[in-house]
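J.: I'd like to ask you about the structure that follows.
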Amino acid sequence: MRWNRFWFTPADPAPLCGLRLLAGVLSLYYVASFSTDLTRWFAADGLLTTETVRQLTNPETSDSGAPASFHWSYLNYAKKPFELWIVHLLGLAVLALFTAGLWTRITSVLALVVVLSYVHRAPMINGQFEAVLTMMLAYLAIGPSGRLWSVDAWLAARREPPAGSRASSEEGSVLANISLSLLQCHLAALYMLMCLTQLGGAYDGENGATWWRGEAIWWLLAKSESRLVDLTFLHTATGRYVVAAWTHAIVYGELAFALLIWKPLARPLLLVLAALAWVSLIPVTGLVSYCLAMIVANLAFLDAETWRAWVPAALGGTRR
Amino acid sequence: MKSASMSDNEAESSPLRSLASLLIFIHLFCLAVAITANQAPSPLQERLLEIFRPYTQLLNFDVSFIRFDLTQETADDADHRIEYLPEGEDPANADAWVPLTAGMKGTDRRLRYQRLAGLTNFFGSRGDDATCAVFASAIGTHLAQQRQQPIDQLRLRLHLLQSPEQIVSVNLDDRDPNSSRFFQELYRARVIDGGLAVQKVEDATQVAPTVRASGQPARRADSRGGVRGSETPNATDPGEAAPPSSPE
């Protein structure tokens, strides 16, 4: 049965372990980026007190009587600066342990709780990056993401003879397959969402439908307070062709990714093109973390052999 | 890959696999509803979202107010800024206004201030003064407590975008993306009682009644509308630029 084959065939956990390293670094960056403004945002006299957030996310119940929002965060209970700093440092420690792969089964779940707590503490200042990051962490918490390139694996290797530990690290895992497949499905759905929302813009005869008309990249690069590089020299007639080609490439690329990434033959090409597209969006949007998170998430489609070749090389020859 | 591990063998047993299949299906269904309801959910999707919200929102799978389309060439897609005026300064002096921002371009630290301004402007541009007052009061209270100098006023401005034609225009104001022509004020409030209350300033001669932030009817920031919209902001200063126009 195809359903069973797709979800329950034991898979090499290498992609999951590689993603743990990269998602862990992104999570550390995300939580650390609050450090300079921790009390400014979250303290009792901060910009977004728990009361303000409660007012904005609606404490009232919906028509059916159910609570209107579910934004639980342990940061809601820390009001004083020293309390905030204690939980902030503990959160960073958990993320560091997760990235290093120590007690990964527990720290992978705790890492998700930590990141979600920051996401839910002030949902109005979240963006696309948070959505992609929490998606990756949620699925990494399901599978054995610490079986390779982790402190857990190093400790296990010290306890077991080398032959035995190598065999266990190369064992297939059903949970690894479920975890990776869920991440792949979710990511493909996000790509489809991006494409559909871009093409769904209303057209009033003069403005709108900017992705259809090949102008969207212009309106991104014209945002002088957001862009990282000034590319307005593309206002010329030739430049507008470049802008149109760039815009269309983004839309068609997203559509192709959502539909064709499942074809093994198309996968390497799509991964390279997607990486190029996301890198190209960094200077015009200024959304550095989001674009990098998408590049990392795309690597869920990279095969296990490539992960096993690349990660040890990147870690300086460490096999475990 | 050699063989399944012990725990995985357990997962392969039929009842466990059936349960896992059911959970995967439910998860994918919740996800499909949450993702397809991103823009304009139907009444059915609204109802399903409400049912699934404890799961989808708690795990941040609910992406209904996140702009994955990046831009739709609307006023909401322009840059936004919140600025405050220290007490004793002249509101007419453009240099006296201090932007509420921090961090380098491209960092999430800076993006958070931009999103706060964008969301406040979203409500301001739609005339939702009650929600704007919640933001203004929170910001005013914070600034009043953090700074030695009290705050007199807060304002929210839209930084409009240049079209390709404006870049090569003979009009110097058109060619400068930071000229006053490209800024549009959507909301201005006087900060009273150290931010505990705010008073919307309609214009130089007209003043609206004081609005206290506490007890305001709350409005969901993560409601279906989100920060999306194609309406043209309703508060314009004479002589200021129109929303982003077509480059044609």
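The values are calculated or read from the model by the stated rules, or taken from the named source; none is laboratory data. Since the model is a prediction, treat every value here as computed from it, not as a measurement. Reconstructed Cβ throughout: ideal geometry from the backbone, glycine too, with neighbour counts over all protein chains shown. Remember, those area values only see protein heavy atoms, side chains included, never the ligands or the DNA or RNA. Shrake-Rupley method; radii C 1.70, N 1.55, O 1.52, S 1.80 Å.
J.: Please work out which residue is farthest from the other protein chains (Cβ to nearest Cβ), limiting yourself to the range A:114-125 and to residues that are free of Cβ contacts under 8 Å to residues at least 60 places away in the same chain and open to solvent by less than 10 Å² (accessible area, probe 1.4 Å). Walk me through how you get there before you give the answer.
T.: Narrowing the range A:114-125 to residues free of Cβ contacts under 8 Å to residues at least 60 places away in the same chain: A:116-117, A:119-120.
Retained after the next criterion (residues that are open to solvent by less than 10 Å² (accessible area, probe 1.4 Å)): A:117, A:119-120.
Values: A:SER117: 11, A:VAL119: 5, A:HIS120: 8 Å.
Taking the candidates together, the pick is A:SER117.
J.: Taking the stated definitions as given, is B:GLU46 part of a helix (DSSP H, G or I), within 30 Å of B:ILE24 (Cα to Cα) and more than 8 Å from chain A (Cβ to nearest Cβ)?
T.: Yes.
J.: State whether one or more residues within the range A:97-113 are in contact with a Lys or Arg (Cβ under 6 Å, 6 or more places away or on another chain), surrounded by fewer than 24 Cβ atoms within 10 Å (Cβ to Cβ) and touching a residue at least 12 places away in the same chain (Cβ under 8 Å). If you could, list the steps in order and put the result at the bottom.
T.: Step one: of the range A:97-113, the residues in contact with a Lys or Arg (Cβ under 6 Å, 6 or more places away or on another chain) are none.
No, the range A:97-113 contains no residue that is in contact with a Lys or Arg (Cβ under 6 Å, 6 or more places away or on another chain), surrounded by fewer than 24 Cβ atoms within 10 Å (Cβ to Cβ) and touching a residue at least 12 places away in the same chain (Cβ under 8 Å).
J.: Quick one: which of B:ARG110, B:ARG53 is modelled with pLDDT of 85 or more and within 27 Å of A:LEU228 (Cα to Cα)?
T.: Working: B:ARG53 fails: within 27 Å of A:LEU228 (Cα to Cα).
After applying the criteria, what remains is B:ARG110.
J.: For the range A:1-28, what are the residues that are of a type in the set (Ser, Thr, Tyr) and buried (at least 18 other Cβ atoms within 10 Å of the Cβ)? Steps first, answer last, please.
T.: Within the range A:1-28, the subset of a type in the set (Ser, Thr, Tyr) is A:9, A:27.
Matches in the range A:1-28: A:SER27 only.
J.: Sort out which residues of the range A:35-56 are at the interface with chain B (Cβ under 7 Å from one of its Cβ atoms) and either buried (at least 16 other Cβ atoms within 10 Å of the Cβ) or among the acidic types (Asp, Glu) (or both), and write them in order of number.
T.: Restricting attention to the range A:35-56, the residues satisfying the condition of being at the interface with chain B (Cβ under 7 Å from one of its Cβ atoms) are A:36-37, A:45-49, A:52, A:55-56.
Within the range A:35-56, A:ASP37, A:ASP45, A:GLY46, A:LEU47, A:LEU48, A:THR49, A:THR52, A:GLN55, A:LEU56 qualify.
J.: Looking at (1) among the charged types (D, E, K, R); (2) surrounded by fewer than 23 Cβ atoms within 10 Å (Cβ to Cβ); (3) within 11 Å of chain B (Cβ to nearest Cβ); (4) touching a residue at least 12 places away in the same chain (Cβ under 8 Å), find the lone condition where A:LYS79 falls short.
T.: (3)
J.: Report whether or not A:LEU95 is at the interface with chain B (Cβ under 8 Å from one of its Cβ atoms) and out of contact with any Pro (no Cβ under 8 Å at 6 or more places or on another chain). Walk me through how you get there before you give the answer.
T.: Values: at the interface with chain B (Cβ under 8 Å from one of its Cβ atoms): no; out of contact with any Pro (no Cβ under 8 Å at 6 or more places or on another chain): yes.
For A:LEU95, the condition - at the interface with chain B (Cβ under 8 Å from one of its Cβ atoms) and out of contact with any Pro (no Cβ under 8 Å at 6 or more places or on another chain) - is not met.
J.: Is one or more of the residues making up the range A:127-141 within 30 Å of A:PHE34 (Cβ to Cβ), at pLDDT 95 or above and not in a helix (DSSP H, G or I)?
T.: The answer is yes; a qualifying residue exists.
Okay, residues lined up against (1) at pLDDT 95 or above; (2) in a helix (DSSP H, G or I):
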{"site": "A:ARG5", "(1), (2)": "no, yes"}
{"site": "A:LEU19", "(1), (2)": "yes, yes"}
{"site": "A:LEU28", "(1), (2)": "yes, yes"}
{"site": "A:VAL31", "(1), (2)": "yes, yes"}
{"site": "A:ARG40", "(1), (2)": "no, yes"}
{"site": "A:LEU47", "(1), (2)": "no, no"}
{"site": "A:ARG54", "(1), (2)": "no, yes"}
{"site": "A:GLY91", "(1), (2)": "yes, yes"}
{"site": "A:ALA96", "(1), (2)": "yes, yes"}
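J.: Considering every residue within the range A:229-243, establish whether at least one is part of a helix (DSSP H, G or I), at negative phi and of a type in the set (Gly, Ala, Ser).
T.: Step one: list which residues in the range A:229-243 are part of a helix (DSSP H, G or I), which gives A:232-235, A:237-243.
From the residues that got through so far, the ones that are at negative phi too are A:232-235, A:237-243.
Filter once more, so that each one left must be of a type in the set (Gly, Ala, Ser): A:237, A:239.
Yes, some residue in the range A:229-243 is part of a helix (DSSP H, G or I), at negative phi and of a type in the set (Gly, Ala, Ser).
J.: Which is out of contact with any Asp or Glu (no Cβ under 9 Å at 6 or more places or on another chain) and either open to solvent by 30 Å² or more (accessible area, probe 1.4 Å) or farther than 28 Å from B:ASP79 by Cα (or both), of A:VAL296, A:VAL272, A:VAL288, A:VAL251?
T.: Details: A:VAL296 fails: either open to solvent by 30 Å² or more (accessible area, probe 1.4 Å) or farther than 28 Å from B:ASP79 by Cα (or both); A:VAL288 fails: out of contact with any Asp or Glu (no Cβ under 9 Å at 6 or more places or on another chain); A:VAL251 fails: either open to solvent by 30 Å² or more (accessible area, probe 1.4 Å) or farther than 28 Å from B:ASP79 by Cα (or both).
Just one listed residue meets the conditions, A:VAL272.
J.: State all residues of the range B:109-124 that are of a type outside the set (Phe, Trp, Tyr) and either surrounded by fewer than 23 Cβ atoms within 10 Å (Cβ to Cβ) or in contact (Cβ under 8 Å) with a residue 12 or more places away in the chain (or both); if no residue qualifies, say none. I'd like the intermediate steps shown before the answer.
T.: Of all residues in the range B:109-124, those of a type outside the set (Phe, Trp, Tyr) come to B:109-112, B:114-121, B:124.
Result: B:ARG109, B:ARG110, B:GLN114, B:ARG115, B:LEU116, B:ALA117, B:GLY118, B:LEU119, B:THR120, B:ASN121, B:GLY124.
J.: Taking only the range B:92-116 into account, find how many residues are within 10 Å of chain A (Cβ to nearest Cβ) and aliphatic (A, V, I, L, M).
T.: Narrowing the range B:92-116 to residues within 10 Å of chain A (Cβ to nearest Cβ): B:99-116.
Those left that are additionally aliphatic (A, V, I, L, M): B:100, B:102, B:104, B:111, B:116.
Residues that pass the stated criteria total 5.
J.: Please give the number of the condition A:TYR139 fails out of (1) over 23 Å from A:PRO15 (Cα atoms); (2) surrounded by 24 or more Cβ atoms within 10 Å (Cβ to Cβ); (3) of a type in the set (Ser, Thr, Tyr).
T.: Only one criterion is unmet by A:TYR139, namely (1).
To keep it simple, each residue is scored yes or no on (1) open to solvent by less than 40 Å² (accessible area, probe 1.4 Å); (2) aliphatic (A, V, I, L, M); (3) in contact with a Pro (Cβ under 9 Å, 6 or more places away or on another chain); (4) modelled with pLDDT of 85 or more.
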{"site": "B:GLN148", "(1), (2), (3), (4)": "no, no, no, no"}
{"site": "B:LEU156", "(1), (2), (3), (4)": "yes, yes, no, yes"}
{"site": "B:PRO164", "(1), (2), (3), (4)": "yes, no, yes, yes"}
{"site": "B:ASP173", "(1), (2), (3), (4)": "no, no, no, no"}
{"site": "B:ASP176", "(1), (2), (3), (4)": "no, no, no, yes"}
{"site": "B:PHE182", "(1), (2), (3), (4)": "yes, no, no, yes"}
{"site": "B:ASP193", "(1), (2), (3), (4)": "no, no, no, no"}
{"site": "B:ASP203", "(1), (2), (3), (4)": "no, no, no, no"}
{"site": "B:ALA208", "(1), (2), (3), (4)": "yes, yes, no, no"}
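J.: Another question, if that's okay. Is it the case that the range B:131-140 has a residue that's away from chain A (no Cβ under 12 Å) and either assigned to a helix (DSSP H, G or I) or within 22 Å of A:LYS223 (Cβ to Cβ) (or both)? Lay out the reasoning, then the answer.
T.: Here is the first cut: in the range B:131-140, the residues away from chain A (no Cβ under 12 Å) are none.
Checked against the condition, which is being away from chain A (no Cβ under 12 Å) and either assigned to a helix (DSSP H, G or I) or within 22 Å of A:LYS223 (Cβ to Cβ) (or both), the range B:131-140 yields no hits at all.
J.: Follow-up. Can you name the residue in the range B:49-89 that is basic (Lys, Arg) and outside any loop (DSSP other than H, G, I, E, B) and is also farthest from the chain's Cα centre (by Cα) among such residues?
T.: The initial filter retains those residues of the range B:49-89 that are basic (Lys, Arg), namely B:53, B:67, B:81.
Add one more test, that the residue is outside any loop (DSSP other than H, G, I, E, B), and what stays is B:53, B:81.
Working: B:ARG53: 21, B:ARG81: 11 Å.
So, considering only residues that are basic (Lys, Arg) and outside any loop (DSSP other than H, G, I, E, B), the one farthest from the chain's Cα centre (by Cα) is B:ARG53.
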